[in-house]
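The values are calculated or read from the model by the stated rules, or taken from the named source; none is laboratory data. All values derive from a computational prediction rather than experimental measurement. As a convention, Cβ positions derive from the backbone with ideal geometry for all residues, glycine included, and neighbour counts pool all protein chains shown.
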């Protein structure tokens with residue numbers, strides 16, 4: 001089916017523009033409605049560096065990318081270790097959502113900091129979430145990590161549905177971990193607390 005869709009010359013005209021944009025922000029997964037209520041998540045609703053104008057977001061050095069992740073999730077801890085291994089430049093910093101900066105950034109982008117259903121990858125002032133964040137991080141790191149960009153082959157609604165299932169069940173599936181307790185000094189230097 002995907003092959004037929006891609007081969008159709010008029011397929012691009014049938015796809016809503018919102019599904020073609022990987023940048024997201026200004027959304028909430030806490031919607032009480034159905035799947036369609038979450039579709040605006042695929043749109044870029046906030047301007048580049050919009051958090052700079054938000055008085056609730058503490059000032060921070062945004063000259064390098066930041067991954068905002070759940071420090072109590074074992075899957076997120078694994079993801080943070082992968083960022084540490086794959087980021088050869090050593091510039092990507094990791095911000096736990098449990099920190100003041102992490103929770104403020106999540107709130108700025110419409111996520112509930114106390115019960116996050118996503119993570120953020122902020123690069124050049126633009127926020128990416130869910131599998132879009134994984135793909136963006138993979139693009140940045142290159143090499144084997146660039147395979148993560150393959151996630152973009154799936155339609156936006158399918159990516160959102162799958163990510164949501166994993167995110168909502170992450171503690172049951174993978175358990176809890178403590179991102180900030182990882183002993184590696186080089187990893188600890190990446191953390192924004």
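Only one residue in 140, 159 is over 20 Å from residue 73 (Cα atoms), assigned to a helix (DSSP H, G or I), at pLDDT 80 or above and within 13 Å of the chain's Cα centre (by Cα). Which one?
The unique qualifying residue is 159.
Among (1) over 13 Å from the mean Cα position of the chain (by Cα); (2) modelled with pLDDT of 90 or more; (3) surrounded by 14 or more Cβ atoms within 10 Å (Cβ to Cβ); (4) under 28 Å from residue 153 (Cα atoms), which single condition is residue 122 missing?
(1)
Run residue 110 past the list (1) in a loop (DSSP other than H, G, I, E, B); (2) closer than 16 Å to residue 188 by Cβ and report the number of the one that doesn't hold.
Only one criterion is unmet by residue 110, namely (2).
Does residue 18 satisfy the criteria of being surrounded by 14 or more Cβ atoms within 10 Å (Cβ to Cβ) and modelled with pLDDT under 80?
Yes; evaluated as a whole, the condition is true for this residue.
Given the structure, is residue 83 under 24 Å from residue 162 (Cβ atoms), within 14 Å of the chain's Cα centre (by Cα) and part of a strand (DSSP E or B)?
no
Among the residues in the stretch 137-159, are any in contact with a strand residue (DSSP E or B) (Cβ under 9 Å, 6 or more places away or on another chain) and farther than 15 Å from residue 87 by Cβ?
No: zero hits.
Could you check, for the stretch 58-67, whether at least one of its residues is under 27 Å from residue 168 (Cβ atoms), in contact with a helix residue (DSSP H, G or I) (Cβ under 8 Å, 6 or more places away or on another chain) and without any contact (Cβ under 8 Å) to a residue 60 or more places away in the chain?
No, the stretch 58-67 contains no residue that is under 27 Å from residue 168 (Cβ atoms), in contact with a helix residue (DSSP H, G or I) (Cβ under 8 Å, 6 or more places away or on another chain) and without any contact (Cβ under 8 Å) to a residue 60 or more places away in the chain.
Being surrounded by 21 or more Cβ atoms within 10 Å (Cβ to Cβ), at pLDDT below 90 and either on the phi > 0 side of the Ramachandran plot or assigned to a helix (DSSP H, G or I) (or both) is the requirement here; does residue 77 meet it?
Yes.
Restricting attention to the stretch 38-70, report how many residues are part of a loop (DSSP other than H, G, I, E, B) and modelled with pLDDT under 90.
Total satisfying the criteria: 7.
Could you check how many residues of the stretch 90-119 are modelled with pLDDT under 85 and under 20 Å from residue 74 (Cβ atoms)?
6
Would you point out which residue out of 110, 102 is in contact (Cβ under 8 Å) with a residue 60 or more places away in the chain and either surrounded by fewer than 15 Cβ atoms within 10 Å (Cβ to Cβ) or in contact with a strand residue (DSSP E or B) (Cβ under 6 Å, 6 or more places away or on another chain) (or both)?
Only one candidate passes the filter, namely 102.
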